[in-house]
1. Give the residues of segment 62-84 whose amide nitrogen is closer than 19 Å to a point set 7 Å from the Cα of S4 in the direction of its Cβ.
2. Given the options P104, G61, V21, identify the residue whose Cα lies farthest towards the positive end of the charge dipole of segment 4-118 (+1 on Cβ of Lys, Arg; -1 on Cβ of Asp, Glu).
3. Taking the beta-carbon count within 10 Å as an exposure proxy, list H72, H180, H343 from fewest neighbours to most.
4. Measure out, as a whole number of angstrom, how far apart the alpha-carbon centroids of segment 257-325 and segment 3-47 sit.
5. Name the residue, out of A154, A82, A35, whose mean-square fluctuation peaks in a Gaussian network model built on the chain with Cα pairs under 10 Å.
6. Give, rounded to the nearest 20 debye, the magnitude of the charge dipole that the chain has about its Cα centre when Lys and Arg contribute +1 at Cβ and Asp and Glu contribute -1 at Cβ.
7. In what order do W151, W345 fall by count of nearby beta-carbon atoms within 10 Å, going from fewest to most?
8. Using DSSP to call loops (not H, G, I, E or B), can you name the GluC sites (Glu not before Pro) in segment 171-258 whose Cβ has at most 12 other Cβ atoms within 10 angstrom?
Amino acid sequence: MNRSILVVDDEVRYRELYARVLRDAGFSVREAEDAQAALKSLAGELPAMVVSDVRMPGASGIDLLRRVRDDHPGLPFLLVTAYADVREAVDALKLGAVDYLAKPVDLDELLAAVRDTLNVSEDGTDDVPAQALAGIVAESPAMRAVLRDAWRVAGSDATILLTGESGSGKEVVAQFIHRHGSRRDKQLVTVNCAAIAPTLLASELFGHEKGAFTGAVARRKGYFREAHEGTLFLDEIGDMPLELQASLLRATETGRITPVGADREVEVDCRFIAATNRNLETDVAEGRFRQDLFYRLNVITIEIPPLRERPEDIPPLARLFLNRDASETRRLSRAAVQALLDHPWPGNVRELANAMAHVRLLSQTDVILPEHLPPAVRKSMAKTAPDAHAPSRPERTAETKTLEQQEFDAVAAALKQTGGNRTHAAQLLGITRRGLIYKLKRLGLS
């Protein structure tokens, strides 16, 4: 069976990323940097499918699609664009495109679109090896999907933007990407942009010369140079002062920085991973974050779901935090586990770790009961406990919908209301896009 894919994109970072993901999934890939190179490639051996960017110098992806339709009317064609346009999408679908994806592309969606088009089943070649998951708790399908994306992009030098609520595990994913990337033998330097005073952040990032300002009694390398040939993880990037963002943009584009007080640039070579719990698109619209920097960082986005959307991870994480010392053998009672599952965990994994620290310090028993848990967790348990004086639950009739049926209807209605836009549907439902994709697969709505 022909499983070759032609990937067309003028931006090498996207082209190489898609090619890597598709190759890891068992496809053979040819690459073309523009429509002209694609037509030249198509004049030879015909691929099973074309994946093409829309906006390219010279002929666009739509132009390429028209040419391909003239010469090869049955060749499947998938379009990708950073500038989603409804009219463009309609034109593309009228011309026979199999799908139209917006950048940054969800890699699961890309693979699903290719597999569905070519009628290829998922064979597991793109799964994360078990040894790579050592020391990481990822029992939930949602977290497994996150790590699968992280595994796919780890070997490239593509810039990664990690999004998700505070305490959801973005730093763990950043460490995973670095540990399995080509720069694993070099340093991972972590910078919390929100924890450093704005007046000092430039000096901390880019370094400074002796005497550059009051108190600069010695020369400082700065985090960029410390991460040379390694990875620089910029946590809470959304809190970086606007006036410093231009310097960061230049550093990511040119690989050159200017230390504070220096009169010449310094070359640096590092891979960038950024993380934020903010909605950067909203910050861009409201003038708090540079649009050009957002596009530069947003090469590939991995969204970390909150802990409440990955309940399968709660018990094993709790046991891990409870028995920090290998000699400890405390266990959670069934009632305590249920109490943990009932709590919404607004502070995510960080809150769970603190809760287990509370238990370790204050309980004197080997079996943890609900009364040993922090007050906030016990309050959640009280809210979800059945009322002894409430009327008994009526028997379910054929007309009474199950919880899963209600969930199915809610997701389907959100998709219908948003015209099938998964991002908007997720916002309407109050969940992450990753959480919605998981639900679609589980409910058979994909």
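1. Only 68-69, 71-78 fall inside the zone, counting backbone N under 19 Å.
2. It is G61.
3. H72, H180, H343
4. 29 Å
5. Taking springs between Cα atoms under 10 Å, the residue moving most is A82.
6. Here the chain has a charge dipole of around 840 debye.
7. With the fewest neighbours first, W151, W345 line up as W151, W345.
8. Hits after loop and neighbour filter: E229.
A short reminder: the numbers here are calculations on the coordinates, not readings from a lab. Computed from a predicted structure; not experimentally measured. Positions of Cβ are backbone-derived with ideal geometry, glycine not excepted, and every protein chain shown enters the neighbour counts.
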